[in-house]
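Okay, so here's the structure we're looking at.
The values are calculated or read from the model by the stated rules, or taken from the named source; none is laboratory data. The structure displayed is predicted, hence computed values, not measured ones. Positions of Cβ are generated from backbone atoms using ideal geometry, with glycine treated the same way; all protein chains shown enter the neighbour counts. Ligands, DNA and RNA are stripped out before the accessible areas are found, and what is left, the full protein with its side chains, is counted by its heavy atoms. Shrake-Rupley method; radii C 1.70, N 1.55, O 1.52, S 1.80 Å.
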Amino acid sequence: LLTATPSVAAPNDQANHLMVRGNGPLANTWLLEGAEMVCPNHLGNAGTASDLPTLTGGGVSILSAQMLGPSSLRTGSMPASHGNALGGITDLSLRQGNAQEREWTVQAGLIGIDVSAEGPITKRGKDFHLVNYRYSTLGLLSAMGVDIGDEAISFQDISFHAGSRIGERGEWRVFGLGGVSSNTFKAKADTAQWEFDKDSRDINYASSMGAVGATLKLPLGKRSLMHATALWSGAYQERSEYEKDTGAMAPWRDFASLYERKLSLVAAIEGPWGKWLHYTVGGSAMERMLVNVLADTAQGWLLRPFAQVRATLPGNIVATVGMGYSHYTYNLSGLLEPRIDLLKTLRGKGAVLLSAGVRGQLPQHAVINLSDLSSASTAMGVPDNRALGFQRSEDLTVGYEHRVDYYTSVRAEAYGQRITRVPVPWSGLNITGLQEPLTNAWDEPQYLPMEASAETRNLGVELSVKQAMSKGFYWLMNGSVFRSTTVADGVERRARWDAGWTANAMAGKEWSRSKEDRVRSWGVGLRALGVGGLRYTPFEAQWRTSHWAFITGEPFSARLHDVFRIDLRVYLKRDRDGRTGLWAIDVQNVANTRNEAYKAFDFRKGETITRYQLGLIPNLSYRIEF
């Protein structure tokens with residue numbers, strides 16, 4: 001859903017890692033009910049080139065659509081309450097269950113089953129509960145011959161949400177989610193069938209994730225409100241790879257694990273101040289403990305007080321001014337984060353937006369080597385990666401929105417982003433070909449000592465035109481062009497995530513027919529997307545005296561082919577006697593387009609091979625609500 005917005009794309013459609021306005025997946029953060037959490041996804045290594053565990057995406061979201069309430073992807077300059085992201089913040093909220101009567105939803109399809117139950121806890125009509133469970137093996141798709149990769153994949157998860165009103169304006173809620181997943185590849189038993197490196201290896205990946213939290217809202221006086229959220233979340237992933245022992249040479253062995261835990265506390269007081277002002281004052285505290293794939297541990301608190309005022313000014317102008325301060329106890333680094341938004345409503349149906357601000361993000365400890373340096377190395381001036389502080393982003397956005405009529409609107413935005421204090425391999429190494437800032441990293445470990453001296457620059461323009469559902473018909477078209485570069489050792493280069501452009505077109509139509517006590521509806525939806533190809537560093541492999549040597553070219557100077565895909569949905573829905581049945585078939589990549597994912601060197605073949613994204617994926621499902 002999020003990739004249907006301009007300047008947002010997935011580096012590989014096998015997973016939901018996101019590139020937002022020229023930034024990579026490591027630049028993103030997840031929130032649940034306003035509190036930062038670990039990545040809520042199954043199969044965190046899905047779609048990555050190295051197949052290593054990652055922190056910022058996965059193959060399937062652990063939260064079913066049955067659980068989600070209003071949610072959004074925040075980009076650019078954000079409210080003062082939001083921080084710790086250079087790219088986007090996926091801001092999730094949970095749907096409240098029916099407080100009046102009990103309801104059930106059951107969905108079964110080729111991907112798996114999804115069951116949810118909701119209803120009141122007592123007869124007062126002030127409380128609710130909502131529970132959801134999913135299970136999938138993707139085995140039916142594999143049995144049909146659908147190419148979903150060559151691994152056996154399974155996952156299951158459960159989530160809950162319950163709460164009650166306190167008086168007229170207050171409420172308490174508790175919520176949680178958890179899930180486990182795995183994908184397994186078995187080596188081919190016949191050694192004569194070993195064509196690629198992977199054919200001779202057993203590869204096992206397993207992950208687990210859980211979170212539990214509570215939210216409290218209480219009125220303060222007649223008009224102000226206090227709200228607070230506490231959330232604990234944790235995720236563990238491990239991957240093992242073992243080559244079959246043929247006796248010819250020492251078999252390949254590899255093991256990698258990744259563990260992250262977050263304890264987040266967020267509280268704020270908001271309300272009107274006089275007739276034209278609205279204030280928000282609060283703060284957050286998050287303890288993050290991370291053990292990365294290099295077995296390094298980083299643990300500390302991110303403390304972040306903030307304040308914001310929204311004022312209605314003469315001339316139909318709404319000004320929002322905020323300030324936050326981020327402090328990280330792990331290395332005592334800090335960053336001041338001012339924000340300002342100006343929105344002017346024009347005569348007629350238009351509005352102009354100007355937004356600017358500073359935000360930061362903690363170092364990507366998931367891929368940085370944090371091993372202690374010797375005292376001799378420190379005395380020689382070699383930087384200690386544990387001292388790396390916040391990366392600093394300066395954002396500027398100018399936008400215009402025009403509402404053509406009640407259903408149709410046009411929106412255009414131009415944005416610029418400059419990220420400083422970006423870690424890059426220490427210049428004292430004097431090694432060519434290492435001028436790759438950390439903003440280019442995804443899941444590959446960075447072993448070298450680093451200094452915060454590089455920059456990343458993102459510039460782009462977005463245009464969107466959409467019509468909301470009217471007479472059973474909706475459509476949307478958007479596109480963006482952007483440029484992402486890095487500056488290290490005084491040289492500007494194309495960034496890894498410089499896809500250059502995105503484009504989306506969506507449309508849907510629903511028809512309905514009523515007869516006595518029943519309603520029959522059927523509809524069709526179509527989506528076409530295009531994304532510029534990602535950049536990669538070209539290399540040449542040479543066999544030199546019993547080993548392979550690799551000669552790399554200019555960092556990220558080569559480019560994969562552009563990506564194109566068409567998705568189709570057709571459904572039939574029947575409403576009768578308090579229950580709704582829905583048959584649907586969803587086909588991803590209906591044209592079975594072969595889109596490049598990445599290039600890698602295969603030692604068994606002795607050549608560079610191209611890995612591709614998913615082909616045609618059909619999913620037939622039936623859903624009943626009662």
- Task: Kindly report the accessible area of region 236-338 per residue (heavy atoms of protein chains, probe 1.4 Å, no ligands, DNA or RNA), in Å².
- Result: 51 Å²
- Note on the structure: Ranking GLN107, ASN41, GLY88 by how far each Cα lies towards the positive end of the charge dipole of region 30-122 (+1 on Lys and Arg Cβ, -1 on Asp and Glu Cβ), the top one is GLY88
- Task: Would you calculate, for the chain, the mean residue ellipticity at 222 nm contributed by helices, counting each DSSP H stretch of 4 or more residues as -39,500 (n - 2.57) and dividing by all residues, to the nearest 500?
- Result: -500 deg cm²/dmol
- Note on the structure: Summing +1 per Lys or Arg and -1 per Asp or Glu among the other residues with Cβ less than 13 Å from ASN385's Cβ gives -3
- Message: Taking each pair of distinct Cα atoms in region 303-408 once, what is the resulting Kirkwood hydrodynamic radius in Å?
- Response: 17.4 Å
- Query: So how strong a dipole does the chain carry about its Cα centre when Lys and Arg Cβ are +1 and Asp and Glu Cβ are -1, to the nearest 20 debye?
  - Reply: 2540 debye
- Task: Step through the table entries LYS244/LYS605; LYS126/LYS573; LYS186/LYS599; LYS466/LYS509; LYS344/LYS466, compare each Cα-Cα distance with 26 Å, and write down the pairs that go over it.
- Result: LYS126/LYS573
- Task: Order these peptides, 557-564, 3-10, by their mean beta-carbon neighbour count within 10 angstrom, highest first.
- Result: 3-10, 557-564
- Message: Of ALA230, VAL590, ILE624, which is farthest towards the positive pole of the chain's charge dipole, taken about the Cα centre with +1 and -1 on the beta-carbons of Lys, Arg and Asp, Glu respectively?
- Response: ILE624
- Could you give the semi-axes, largest first, of the ellipsoid that matches region 289-347, computed as the square roots of 5 times the alpha carbon gyration tensor eigenvalues and rounded to whole Å? 39, 12, 7
- Query: With contacts defined as alpha carbon pairs under 8 Å and 6 or more residues apart, what's the relative contact order of region 202-296 in percent?
  - Reply: 26 percent
- Global form of region 521-611, assessed from the alpha-carbon gyration tensor, a/c cut-off 1.5: prolate
- Message: Given the C-alpha atoms of region 430-478, compute the convex hull and give its volume per residue in Å³.
- Response: 149 Å³
- Task: Can you work out the accessible area per residue across region 5-115, with the rest of the protein chains kept in place, probe 1.4 Å, in square angstrom?
- Result: 28 Å²
- Around LEU526, what is the net charge, scoring Lys/Arg as +1 and Asp/Glu as -1 over all other residues with Cβ under 11 Å from its Cβ? +2
- Query: Once phi is turned into θ = phi - 60°, what whole-Hz ³J(HN,Hα) does the Karplus curve with 6.51, -1.76 and 1.60 give for every residue of region 345-351, x standing for Gly and Pro?
  - Reply: 8, 8, 5, x, 10, x, 8
- Task: Could you list the residues of region 467-506 with an amide nitrogen less than 13 Å from a label point located 7 Å from the Cα of SER557 in the Cα-to-C-beta direction?
- Result: 492-494
- Message: Students often check this: by mean Cβ neighbours within 10 Å, which of 21-29, 543-551, 60-68, 465-473 ranks highest, and how do the rest follow?
- Response: 21-29, 60-68, 465-473, 543-551
- Taking region 403-500, how much of its Cα-Cα pair set, in percent, is spaced more than 21 angstrom apart? 50 percent
- Message: Sort 84-90, 198-204 by packing, meaning the average of other beta carbons within 10 Å per residue, with the highest value first.
- Response: 84-90, 198-204
- Query: Toward the positive end of the charge dipole of the chain, about the Cα centre and with charges on Cβ (Lys, Arg +1; Asp, Glu -1), which of SER557, VAL382, ASN23 goes farthest?
  - Reply: ASN23
- the chain, accessible surface, carbon-and-sulfur percent (1.4 angstrom probe): 59 percent
- region 417-570, relative contact order [Cα under 8 Å, separation at least 6], %: 18 percent
- Report, in whole Å, the centroid distance computed from the Cα atoms of region 531-545 and region 578-594. 37 Å
- What whole-number value in cubic angstrom gives the convex hull volume per residue for the C-alpha atoms of the chain? 173 Å³
- Note on the structure: Taking the alpha-carbon centre of each part, the distance from region 360-437 to region 116-132 in Å is 44 Å
- Query: At q = 0.17 Å⁻¹, what base-10 log of I(q)/I(0) does the Debye formula yield for region 182-237 when every alpha carbon is treated as an equal point scatterer in vacuo?
  - Reply: -0.73
- Which value, to two decimals, describes the C-alpha radius of gyration of region 126-283 once divided by 2.2 N^0.38 Å? 1.66
- Could you grab the relative contact order for the chain? Cα pairs under 8 Å, six or more apart, rounded to a whole percent. 11 percent
- The percentage of Cα-Cα pairs in region 161-210 separated by more than 18 Å is 61 percent
- If the convex hull of the alpha-carbon atoms of region 34-165 is projected onto planes in all directions, what is the mean projected area in square nanometres? 10.3 nm²
